[in-house]
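> Provided herewith is a single structure, encoded as structure tokens, for subsequent inquiry.
The values are calculated or read from the model by the stated rules, or taken from the named source; none is laboratory data. Since we're looking at a predicted model, the values are computed, not measured. Cβ atoms come from the backbone with ideal geometry, glycine included; neighbour counts cover every protein chain shown. These area figures cover heavy atoms from the full protein model, side chains too; ligands, DNA and RNA do not enter into them. Shrake-Rupley method; radii C 1.70, N 1.55, O 1.52, S 1.80 Å.
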Amino acid sequence: MKYLMSLLLVLGLSACMSAPKRIPFLTQEPVAVELKDLMNYWVESANSFSVDTIGLTPPKSGGYVKVRCLIDSNGEVFDTQVVDSQPQGGWDEFALRAIHDRKYSPSDKNSAKVPVYVVREFKFGF
């Protein structure tokens, strides 16, 4: 009985410590846009960024990754998924980490803060 109570206490505390799931804020249904049209909806807040590469080993050759993501009505990135990459799987985690913390501001043409789906391409080389 004492063991069972300890186990329940540990499980209960573990649940309290887990990070809450982020949920996109949508003012309306997202629209799919081409990368060339993204600037009509959202503008990246920073021109440069850094990527946490701890635990990652880069491939021995350059490559690219195309990532589809949702930019919600707050300019935050959600629902990232790799749609194409070369070498396959080699740079995927680097790209997903790079896009995860991107922030966007609505363009002057997007006063309604329309959320969008867009495919971003990341190129990696030496």
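> Which lysines have a Cα lying under 29 Å from the Cα of Lys109, excluding residues fewer than 8 positions away in the same chain?
Lys36, Lys66, Lys123
> I'd like to check one number: the per residue accessible area of the stretch 53-126, probe 1.4 Å, reported in Å² as a whole number.
Per-residue value: 54 Å².
> Taking the mean number of other Cβ atoms within 10 Å as a proxy for protection, how do you rank 36-43, 21-28, 95-102 from highest to lowest?
95-102, 36-43, 21-28
> Please report the net charge: other residues with Cβ closer than 15 Å to the Cβ of Val31, K and R +1, D and E -1.
My count for the surroundings of Val31 gives -1.
> Give the cross-link partners of Lys21 among the lysines, using a straight C-alpha distance below 24 Å as the criterion and excluding same-chain residues fewer than 8 apart.
Leaving aside lysines fewer than 8 places away in the same chain, those within reach of Lys21 are Lys103, Lys113.
> If you don't mind, another one. For Lys21 and Asp108, FRET efficiency with R0 = 30 Å and r from the beta-carbon atoms, rounded to 0.05?
The pair Asp108/Lys21 has a calculated efficiency of 0.40.
> A further question follows. To the nearest 20 Debye, how big is the dipole of the stretch 17-107 about its Cα centre, given +1 on the beta carbon of each Lys and Arg and -1 on that of each Asp and Glu?
180 debye
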